[in-house]
C-alpha cells in the first residue's frame, strides 16, 4: 500500500511537491472514470518557486532544440515516478483529452482565479503551477487542509491590473494579442528578461517569485507560442 511519504520522497529531489488531492466522485468525475475505472483518488503534483528549475535547465541544455523542454521533462520524469509507484499519470498538456486541472486544483487546495487568470495561492501567490496528476487505485491518507480565503479578496490596490505597460490585463480579461505584441517589441525587454511585470506586481508570496532565468525561460516559451504579427503592407 502506498504511503504519502513514499511519493513525497520521490518528488523532493526534483523540486516538485504534492499539491493536494481528493477522492474521485462518480457524479463529478464520470468522464475521468470512463477512461480510468480503477482510479479511486487523484493527487496533484506541482511546483512552487524555482526549486525545480535546476532540473529543467539541465534537461533544456541537454536538448537545445527542444522547444517544449519543460513539457518533455515533466512527462519523462513523472511518467517514470508513476511507473515506480504503479499508478497512472496525467498531464495538463498533450491532449485530447484535455483534463480540467484548474478545477481539480480548486478542489484539492485553497487556490482561486486571480485578476490575471492565474490561480493564486495564499502562500505561494502566483508563483506555482500544477505539472501532473497521479491516479491511485487505493487512496493514501492526505493531510487535512483548512480552506483559506483568496488573498485577492482583501487586496484593495490590485497592482496586477495597473502595472502592465500596455494594459493587457483589466477587469474585462486578458488581451493576449496586445501582450504578445509588446513582449516581442522594442519596449518589451523588461518582460522578456524578468517575466510578466503584472505578475511581479502581486504583493502575495513575493519570496516565491521565479528566479530571473526561470522567468525568462517561460517568457521565451510564451513568445514561441505567440509569434509576432507581420507588419501590415503599405
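Miscellaneous remarks
- For peptides 172-183, 36-47, 200-211, sequence by mean Cβ density within 10 Å, most packed first: 36-47, 200-211, 172-183
- Residue exposure sequence - 126, 161 - by fewest surrounding Cβ within 10 Å: 161, 126
- Two-decimal Rg/Rh across the chain, once Rg and the Kirkwood Rh are taken from alpha-carbon atoms: 0.98
- Our summary gives the range 152-225 a relative contact order of 30 percent, counting only alpha carbon pairs under 8 angstrom and 6 or more residues apart.
- Segment residue 72-residue 171, extension gain: residue separation times 0.36 nm, minus the distance between their alpha carbons: 32.2 nm
- Over the residues of the chain, the helix contribution to mean residue ellipticity at 222 nm works out to -10000 deg cm²/dmol, using -39500 (n - 2.57) for each DSSP H run of at least 4.
- Relative exposure of 170, 110, judged by other C-beta atoms within 10 Å (fewest first): 170, 110
- Relative contact order for the range 4-150, counting Cα pairs under 8 Å that sit 6 or more residues apart, in percent: 33
- Between the range 82-114 and the range 51-68, the Cα center-to-center distance that results, in Å: 22
- Burial ordering of 103, 156, fewest other beta-carbon atoms within 10 Å first: 156, 103
- Cα gyration tensor category, rounded, prolate or oblate, for the range 153-234 with a/c compared to 1.5: oblate
- C-alpha long axis of helix 53-62 to longest principal axis of the chain, angle in °: 80
- Folded to 0 to 90 degrees: helix 69-85 orientation relative to the chain principal axis, Cα: 10
We did not get these values from a lab; they are worked out from the coordinates using the rules stated. For clarity, every value in this text was computed on a predicted model and none was experimentally measured. So basically every Cβ, Gly included, is an ideal-geometry build from the backbone, and we count neighbours across all protein chains shown.
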